[in-house]
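Notes to accompany the following structure.
Read-outs throughout are calculated quantities, based only on the coordinates presented, and are distinct from any laboratory measurement. The structure presented is a predicted model; accordingly, all values stated were derived computationally and were not measured. Heads up, the Cβs are rebuilt from the backbone with ideal geometry, glycines too, and the neighbour counts pull from every protein chain shown.
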Amino acid sequence: MPTRTKAHKARILVVTAEPQIQKLLKSIFAANGYRALFAADAAAAVRTHAALRPELVVLDRDLADLSGEEAILGIRRHSDVPMIVLSGERAEADLVTALDLGADDYVEKPFRASELLARIRSVLRRSFKARGEEAIYRRGDLLVDILDHNVTCGGEPIRLTPTEFEILALLVRSAGRVVPYQMFVDSLSDAKHCRSRQALRASIWSLRQKIEKTPDDPKIVLTEERIGYRLANDPLRPPC
């Protein structure tokens, strides 16, 4: 299998009061590159989401009283973040209510890790499309899948640093549009690598060395002078 970098794929807010579920999901997500955030009730879920803006919410429908519904409504008032509900033995009507309130999908408990992960990838892909973003970039032999955290050329893995992968992922998500310099500053988790344009150029140069056939004459990561960078989206010969 292609070797992945150690950068996280996405931050997932887990809303559950059950320690066993917290422990299980933390293990599953860590093993698959996701960063887990936790909230035990509706109020904490809304606060955590507002503060940290995770890419996905996994919500245990079996919270006490109406807390699960309150969490969905509270988050939906301010965000269209993808949301997956974990459902137990409750009536079908309760699950339908959760979906009607704004949940995107559900997984029945007890669940298999493979099923949950597949649904996470599916929901995230739909979310990307709805926002006009991309999760996959192909150019010649180069394949970038930012949800599966894979970067390969001709089927061979390309090893990227976490910062290089974050830069590439931001470019892929922008679907060929120019990413301004400031967006890199605001988006990268390790700001020291893009605190100045010179530092960002150094990281871009390092990335080009790994994915470009001719780094001095780049055909993939293109510079828009005085603005930022974008990914090429016109058909060219295989780049690597």
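What to note about this one:
- Modelled spin labels at L117 and V185, positioned 7 Å past Cα toward Cβ, are 3.8 nm from each other.
- Taking R35, R53, R77 in turn, the Gaussian network model of the chain (Cα-Cα springs below 10 Å) assigns the largest fluctuation to R77.
- Calculated FRET value between A17 and R177, using beta carbons and R₀ = 41 Å, to 0.05: 0.50
- Shape call, region 10-50: gyration tensor on alpha carbons, a/c limit 1.5: oblate
- Across region 198-226, the residues whose backbone nitrogen lies under 15 Å from the label position 7 Å along the beta-carbon direction of N233 are 220-222.
- Antiparallel content of DSSP bridges confined to the chain, in %, to 5: 50 percent
- Distance between modelled label sites at A50 and E224, nm, 7 Å Cα→Cβ extension: 3.3 nm
- Shape of region 78-134, Cα gyration tensor, a/c cut at 1.5: oblate
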